[in-house]
Structure formats: C-alpha cells, structure tokens
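Each remark here refers to the structure printed beneath this line.
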Amino acid sequence: MNTTIKPSVWFHIMAAVTVAIWGTTFVSTKVLIHHGLSATDILFYRFVMAYICIWLFLPRMLFAKSWRDEGLFVLLGLTGGSLYFITENTALAMTLASNVSLIICTAPILAAFLSFFFFKGEKLKPRLVAGSLMALAGVGLVVFNGSFILRISPAGDILTLIAALMWALYCLLLKRMNTSYSTLFITRKVFFYGILTLLPFFFFYPLQTDTAVLFHPLVIANLIFLGVVASMLCYIMWTVVVKRLGVVCAANYIYIVPLVTLLTSAVVLDERITLIALIGSALILGGVYLAER
C-alpha cells in the first residue's frame with residue numbers, strides 16, 4: 001500500500017494551519033486593546049514588525065518590474081492590509097461581533113464568483129458550491145452559538161461586507177502577481193503598502209507611543225505573535241496556498257476561522273459552547289471537506 005502523502009495535501013494543511021492561527025488572533029487583539037492600543041495601533045506595529053522580519057530574508061529587490069505592477073502591489077497593500085483591517089475593526093464598533101463574523105465569511109463566495117468572471121481556469125463546480133453553502137450555514141450556527149438575535153446596523157454591516165470584498169479582491173490580485181514574483185517579495189510589498197496607506201489615518205487617530213504601554217511584557221508578547229506569526233508567517237503561507245490551490249479552493253478555508261474562534265473563546269475566555277454551535281462546527285468541517293475534494 002502506498003502511504004506517500006500527495007504534495008497538494010501539504011498545501012491544504014498549510015491553509016488550515018494559517019486560518020487556525022488567524023482564528024486565534026482576536027484574543028491577542030483583545031488583550032492589546034485592554035492595554036490601551038487602538039485597532040490602528042495594533043495593525044501598524046504588527047505590520048512594521050512583519051516587514052522588518054521579512055526584510056532580513058529579502059533585502060535587495062526594492063521595486064516591481066514595472067510601474068503597473070507597482071500599482072497592483074499598492075492595491076494588494078490596501079485590500080489585504082489597511083482597508084481590510086480598518087473596515088472590519090470599524091464595523092466591530094458599529095454592529096454586533098456576530099454580524100461581523102457572519103458577513104466576513106461571505107469572502108469565499110465573493111472570491112468564487114469574482115474568480116469565475118475574471119479567471120477562466122476557476123470553475124463553479126456543483127460540489128464546491130454545495131460545500132460552500134453548507135459551511136456558510138455552519139458559520140451562522142457557530143457565530144450565534146444558540147442565541148439567534150440578529151440586529152441590523154446598516155453602516156456597520158455594509159463596512160463588513162466591504163471588508164469581505166477587500167479580502168476576495170486581495171486573493172484575486174495574489175493569483176495575478178504569483179506568476180511573476182516570489183512569495184517573499186509579494187508578502188514584503190503587501191506589508192510595505194499596508195503600512196504606507198495606513199499613515200493618513202493617524203492624522204485622525206494619533207499613534208500610541210507610550211513606552212510604558214508598548215514595553216509591557218504582555219503587550220510585547222502579543223505584538224510578536226501578531227507580527228511574526230499571524231502576519232509574516234501566515235501571509236507567506238497564504239500566498240503559497242493561493243498560488244498552489246487556486247483562489248476559490250483557498251478562500252473556502254476562511255470558513256474555519258469562526259470554528260477556531262469558538263474553541264479559543266471557550267478555552268481562554270471560558271465562554272459557553274451550545275449544542276447548536278457544535279452542529280454548526282460539524283457543518284463547517286463537512287462543508288469545507290466537500291468543497292475541497
């Protein structure tokens with residue numbers, strides 16, 4: 001019997017590990033907010049840390065091969081960096097977290113349809129559509145965790161939908177740039193333009209520079225996790241995953257994020273898990289498995 005693991009399986013594992021890490025980042029973000037950092041502060045410091053780390057591995061090549069490509073890298077920094085995080089975090093202050101979690105999970109569906117229109121190689125196969133809808137239903141159960149109270153906040157919900165669209169566009173742009181540039185170069189450019197396009201926001205929300213806050217051991221530990229692991233390492237892995245598995249296949253793993261968040265909140269924050277949430281978890285795993293087959 002041949003027990004050799006197919007190369008593609010490793011990319012699926014990489015995708016699962018990436019979104020699993022992203023699913024735990026809310027805990028670190030919550031800790032940092034409790035210590036006096038804003039959402040823009042956290043994004044700035046984690047991206048700066050990630051950029052410095054990746055610069056150590058790829059210090060030479062500065063610019064893209066053309067100004068057109070350089071412009072596309074600016075779009076990558078906006079869609080996968082500043083605009084995505086700012087719209088999502090702003091929405092959290094305007095609407096329920098459950099609404100945000102549910103609407104964000106429309107990103108795989110948006111990516112699938114956008115990819116269908118822009119890339120001929122990506123097809124909407126029945127199994128993929130069925131699995132996506134099954135996983136989305138599971139997300140709904142996990143997010144509400146037995147409390148089906150949906151409050152509509154148009155501004156916050158629209159911002160969340162914009163964030164989901166930003167991530168879908170980011171995945172499509174990654175697919176385009178993956179054919180011409182290395183993974184490390186793409187990731188470094190995303191962080192650079194993510195930082196650059198974030199700077200104007202500090203005119204309205206001044207950057208936290210208090211050393212007593214920034215050098216607190218818990219703050220440093222969480223920033224290192226967000227910057228080195230959740231940003232640098234995960235963005236590198238996600239770029240590889242999109243390149244190897246395709247936009248639609250990779251995007252479906254986003255559905256796992258609420259599942260990881262549910263489990264993490266139960267362990268770290270001692271939140272209750274209901275039977276409905278467990279059913280939702282099973283639907284997520286089953287839907288992702290069906291879609292990825």
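For the stretch 30-45, how many residues meet the condition of being closer than 13 Å to LEU207 by Cβ, open to solvent by less than 40 Å² (accessible area, probe 1.4 Å) and at pLDDT 85 or above?
6
Table: residues versus (1) touching a Gly at 6+ places or on another chain (Cβ under 9 Å); (2) among the β-branched types (Val, Ile, Thr); (3) modelled with pLDDT of 75 or more; (4) open to solvent by less than 60 Å² (accessible area, probe 1.4 Å).
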position	(1), (2), (3), (4)
CYS105	yes, no, no, yes
PHE118	no, no, no, no
LYS125	no, no, no, no
PHE144	yes, no, no, yes
GLY156	no, no, no, yes
TYR170	yes, no, yes, yes
LEU173	yes, no, yes, yes
THR183	no, yes, yes, yes
GLY194	yes, no, yes, yes
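Name every residue in the stretch 46-57 that is open to solvent by 40 Å² or more (accessible area, probe 1.4 Å) and either without any contact (Cβ under 8 Å) to a residue 12 or more places away in the chain or within 17 Å of PHE185 (Cβ to Cβ) (or both), in order of residue number.
Of everything in the stretch 46-57, those that are open to solvent by 40 Å² or more (accessible area, probe 1.4 Å) and either without any contact (Cβ under 8 Å) to a residue 12 or more places away in the chain or within 17 Å of PHE185 (Cβ to Cβ) (or both) turn out to be TYR51, ILE52, TRP55, LEU56, PHE57.
Each row is one residue, and each column tells you yes or no for (1) under 20 Å from VAL257 (Cα atoms); (2) over 22 Å from the mean Cα position of the chain (by Cα).
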{"position": "LYS30", "(1), (2)": "yes, no"}
{"position": "LEU37", "(1), (2)": "no, no"}
{"position": "ARG46", "(1), (2)": "yes, no"}
{"position": "TYR51", "(1), (2)": "no, no"}
{"position": "MET61", "(1), (2)": "no, yes"}
{"position": "LYS65", "(1), (2)": "no, yes"}
{"position": "LEU72", "(1), (2)": "no, no"}
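Hey, among the residues in the stretch 165-195 that are among the aromatic types (Phe, Trp, Tyr) and either part of a helix (DSSP H, G or I) or touching a Lys or Arg at 6+ places or on another chain (Cβ under 7 Å) (or both), which one's farthest from TRP67 (Cα to Cα)?
TRP167
Any residue that is open to solvent by 50 Å² or more (accessible area, probe 1.4 Å) and either at pLDDT 85 or above or not in a loop (DSSP other than H, G, I, E, B) (or both) - is there at least one of those in the stretch 17-29?
Here is the first cut: in the stretch 17-29, the residues open to solvent by 50 Å² or more (accessible area, probe 1.4 Å) are 17, 26.
Filter once more, so that each one left must be either at pLDDT 85 or above or not in a loop (DSSP other than H, G, I, E, B) (or both): 17, 26.
Checked the stretch 17-29: at least one residue is open to solvent by 50 Å² or more (accessible area, probe 1.4 Å) and either at pLDDT 85 or above or not in a loop (DSSP other than H, G, I, E, B) (or both).
Take residues that are more than 30 Å from ILE13 (Cβ to Cβ) and tell me which of the helices (runs of 4 or more DSSP H) falling wholly in the stretch 197-251 contain 3 or more.
By residue number, 211-214, 217-224.
So, of the residues in the stretch 64-91 that are in contact (Cβ under 8 Å) with a residue 24 or more places away in the chain and assigned to a loop (DSSP other than H, G, I, E, B), which turns out to be surrounded by the fewest Cβ atoms within 10 Å (Cβ to Cβ)?
Of everything passing the filter in the stretch 64-91, LYS65 is surrounded by the fewest Cβ atoms within 10 Å (Cβ to Cβ).
The values are calculated or read from the model by the stated rules, or taken from the named source; none is laboratory data. Here the structure is a predicted model, which is why all the values come from computation and not from measurement. Here Cβ is always computed from backbone atoms with ideal geometry, including for glycine, and neighbour counts include all displayed protein chains. Each accessible area value is taken on the protein alone, full model and side chains, heavy atoms only, with ligands, DNA and RNA left out. Shrake-Rupley method; radii C 1.70, N 1.55, O 1.52, S 1.80 Å.
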